[in-house]
């Protein structure tokens, strides 16, 4: 507080920063990049090629021919992972200003996406090491390349966290009207499917449904934020 002519003047209250829809755009690009990474991963299939099954040097040769696909997978996965760092807190804020205070739904929605981000980060973590080796096969132990082929064919597909996020958004939509009915039901269906796949031995199939949900959700959230506005942090009047 400051004193002017003996009168205490309260410091000006903090002003909420203006909010926009950049976080939703980040989610849209992240979802599309996630889909690209899954397609590229499926095309880098040297380790699954039945014509070289059990032949480690042959698998190395196949993977060496698929370096472009591996690089696309890496770039897309890292793009998606980093953009989720923007989308996740944006989604949390969007939900938090529309549900009762203290609800766990916003945190679950954000936390699930952070898990998906980590999975993509780890899925692309070995690219530089092994791509360099594939360009010089004589310096590589063939069996390690086989391990790498399995790594990029599995870890980037671990979108389990997106299932939890989808279920959280779906519940927020159905219970509190946070998003339109179509997006709430889409989130519940794809969220349940992604979650069930993730906890089953078919867990890698979540790599198909997870980024698909993210893309559709971002499109819906972009439209919803444009129509209803994205309240600034601290806004009141959550739907009950």
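The values are calculated or read from the model by the stated rules, or taken from the named source; none is laboratory data. Owing to the predicted nature of the structure, the values given are computational and were not obtained by experimental measurement. With ideal geometry, Cβ positions are generated from the backbone for all residues, glycine too; neighbour counts draw on all protein chains shown.
Observations on the model:
- Residue 218 being at pLDDT 95 or above and in contact with a helix residue (DSSP H, G or I) (Cβ under 9 Å, 6 or more places away or on another chain): yes
- Selection count, segment 133-145, where residues are in contact with a helix residue (DSSP H, G or I) (Cβ under 8 Å, 6 or more places away or on another chain) and more than 17 Å from residue 73 (Cβ to Cβ): 6
- Any hit, segment 178-198, residues being more than 18 Å from the chain's Cα centre (by Cα) and within 20 Å of residue 120 (Cβ to Cβ): no
- Index of the failed condition, residue 148 passing every other in (1) in contact (Cβ under 8 Å) with a residue 60 or more places away in the chain; (2) buried (at least 22 other Cβ atoms within 10 Å of the Cβ); (3) under 20 Å from residue 167 (Cβ atoms): (3)
- Condition met for residue 86 (buried (at least 24 other Cβ atoms within 10 Å of the Cβ) and touching a residue at least 40 places away in the same chain (Cβ under 8 Å)): no
- If only residues of segment 118-132 that are in contact with a helix residue (DSSP H, G or I) (Cβ under 7 Å, 6 or more places away or on another chain) and surrounded by fewer than 20 Cβ atoms within 10 Å (Cβ to Cβ) are counted, the one that is farthest from residue 82 (Cα to Cα) is 131.
- Taken residue by residue, segment 197-214 has no member that is at pLDDT 95 or above, closer than 19 Å to residue 32 by Cα and assigned to a loop (DSSP other than H, G, I, E, B).
- Check on residue 115, free of Cβ contacts under 8 Å to residues at least 60 places away in the same chain and farther than 29 Å from residue 224 by Cβ: no
- Test: residue in segment 221-233 that is out of contact with any strand residue (DSSP E or B) (no Cβ under 8 Å at 6 or more places or on another chain), buried (at least 22 other Cβ atoms within 10 Å of the Cβ) and at pLDDT 95 or above: yes
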